[in-house]
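The values are calculated or read from the model by the stated rules, or taken from the named source; none is laboratory data. This structure is a prediction, so every number in the text was calculated from the model and none was measured. Cβ sites come from the backbone with ideal geometry, for glycine too, and all protein chains shown count toward neighbours.
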Amino acid sequence: MSKRKICFLIILLVGVSGLFAAPLRVQVQDVALRAKPSYLGTVLTQLPYGSRVQLIQSKGAWTEVTAGDMSGWLPSASVSQAEIEMNIGNEGATTSSNENALAGKGFTEQIEQNYQKERHVDYTWVNRMEKIQPPETILESFVRNGPHGDFQ
Amino acid sequence: MKPLIRKSLLATLFVPVILTLSCTSISLDSSSLASLVTHAGPLLASAAKVTDAAKKANEQFTPRQEYYIGRAVAADITSMYKVEPIGPATLYLNALVQVLAAASTMPVTYGGYHVLILDTNQINALSAPGGFIFVTRGLLECTHDETSLAAVLAHEIGHIENRNGLEAIKQERRNQVFVVFGKEVVKNFGNQQLNQLTDIFGKSITDIVTTMINDGYSREQEKQADRSAVEILRKAGYNPRGLIEMLKIMEVRLNPDSGGFAKTHPSPADRIETLAPVIGTKATYEEPAAWTARFHKYMDSLLKTS
C-alpha cells in the first residue's frame, strides 16, 4: 500500500472514531440505560441528570451509548450534545464559560424555592403527582395485551 | 519527518476537532447567545437585537427549565381545582400516558409524564410544560373505552410536544429574561437578581395559566394538537377514530355556556371537520376486548360514582 493510501486511511479512521466518540450529556432527571432500543428492553442501570455518555450510534428515536464500562440504548431525547446547566456539586460538572453561562440562565430550583416562599405556592399535589408509579400489574397488562405500536 | 506523513499527522489532530465542532454546533446557539450579551455589554441590549435574541432563547428552554415552569403551572392548577385522590383510575391513566408518550415526538421530558384527575363535572383538560397533565372527571365521562380515553391524553401530549405552554409566555417577559440572564452570569443569584428573576418567573407562569384557563390556545394550536394526537394514537397502535368518538360524545354533553373546554377550545363539530381529511368523520372502530376490559377495570369505580 502506498504511503498516500496509508495516510488517507489514518485520517479516515481517526475521523470516524471522533464521530463515534462524540460526548453527550443526560438532560433529564434520570433515564434507564436499556439493553435494546425499546422501552421493553432490560434496564441495565439508571443514569442521573448530567451523566456523561459516549455516542456509538443513533437509530431513530434511540441512541446507543457507552456509560462507564456499560453500553446500551437511551431515548435520543434524553441526551444532548449541548452543554447543560449544572448545579454546584453535580458529578462530572465542568466550569467552562458556556456552562457557567447556562447555569445562570435558566429558571432553576433556586428560583422555584424563592417563588414558592414569596407567593406561598403549594406544591403538595405536584410533588405527589411526580411520585405516582403505576403498579406492575397494569404495566404488564400493556406489555401482554398491547397496544403494540403502529396501528394498521 | 516526510512532508506527506507530517501533513497526515496534522490532519489527524484537526479532523476530530472539526468533527467535534460540527457535532456541538447545536450548543453554540444557546451558549453563545448568553455569552454574547454577557460580554458585549449594554450596547447589545437594543430593542431589535434583544427581541431577535429572545426569540432564539425561548426556543432554547432546556428540558430542565421547562420542568420548573411546568411544576409552577401545575401547582397553580391544583390550587384552582379539587384533585381526585390517587386511586386505580389515576394509576391507569399514568400507565396509559407512558405508552402514548413513547409514541410522541417528545417521548421523554426532564421529569417524565404524570396525570392527575380533577374532581369536577366541567369538561376540561390542561397540560403544563414538561409533562404535567390534568383531566377532569367531566371529560373522562366523554370516553367509553381505552381508545377514546387514549385520544384525550394524546391531545394533551400534543400540546406538550408542540410546546404551546411556553409559547404563551409574553414576548416582553422573554426579553426581560434574556436581559437579566445576560447581565451577570453566576451560579447563585444575589438577592436583587433572584427577586427580579422570581418576578419574571411568576409573571411567565401567570401568562401560561391565563392562556390555558381563560383565553385558550389559538385555533391553530388546537388543530395542531389534534393532528399530533392522531399521529401519537396511530404510532402507539390505537385507532385514531377514537378521537372522533370522544368528540362526538363531548358534542352531546358539552354545554356551550359552561366555560372550560367550551370556552377555550373550538367546538367538537369544528374539530371533527378539521380532522375529516385525515381520518374521516366516522367514529366506528373496534378495539380488542382486553383493552375495553382494562378500561372498565380501572375506570368504572371513578365514572360510576359520578
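Candidates are the residues of region B:87-112 that are farther than 15 Å from B:Ala74 by Cβ and among the β-branched types (Val, Ile, Thr); the one that is farthest from the other protein chains (Cβ to nearest Cβ) is B:Thr105. Counting only strands (runs of 3 or more DSSP E) that sit completely within region A:38-80, those holding 1 or more residues that are among the hydroxyl-bearing types (Ser, Thr, Tyr) and touching a residue at least 24 places away in the same chain (Cβ under 8 Å) correspond to A:43-48, A:62-67. Note on region B:55-143: enclosed helices (runs of 4 or more DSSP H) holding 3 or more residues that are closer than 18 Å to B:Ile232 by Cβ are B:88-102.
For region B:144-172, the tally of residues that are in a loop (DSSP other than H, G, I, E, B) and either within 21 Å of B:Lys297 (Cβ to Cβ) or over 8 Å from the mean Cα position of the chain (by Cα) (or both) stands at 5.
Could you list, in sequence order, the residues of region B:237-253 that are surrounded by 23 or more Cβ atoms within 10 Å (Cβ to Cβ) and either closer than 15 Å to B:Glu141 by Cα or of a type in the set (A, V, I, L, M, F, W, C) (or both)? Hits for region B:237-253 are B:Gly242, B:Leu243, B:Ile244, B:Met246, B:Leu247, B:Met250.
For region B:174-195, filtered to residues that are crowded, with 17+ Cβ neighbours inside 10 Å and more than 7 Å from chain A (Cβ to nearest Cβ), the residue that is modelled with the lowest pLDDT is B:Gly182.
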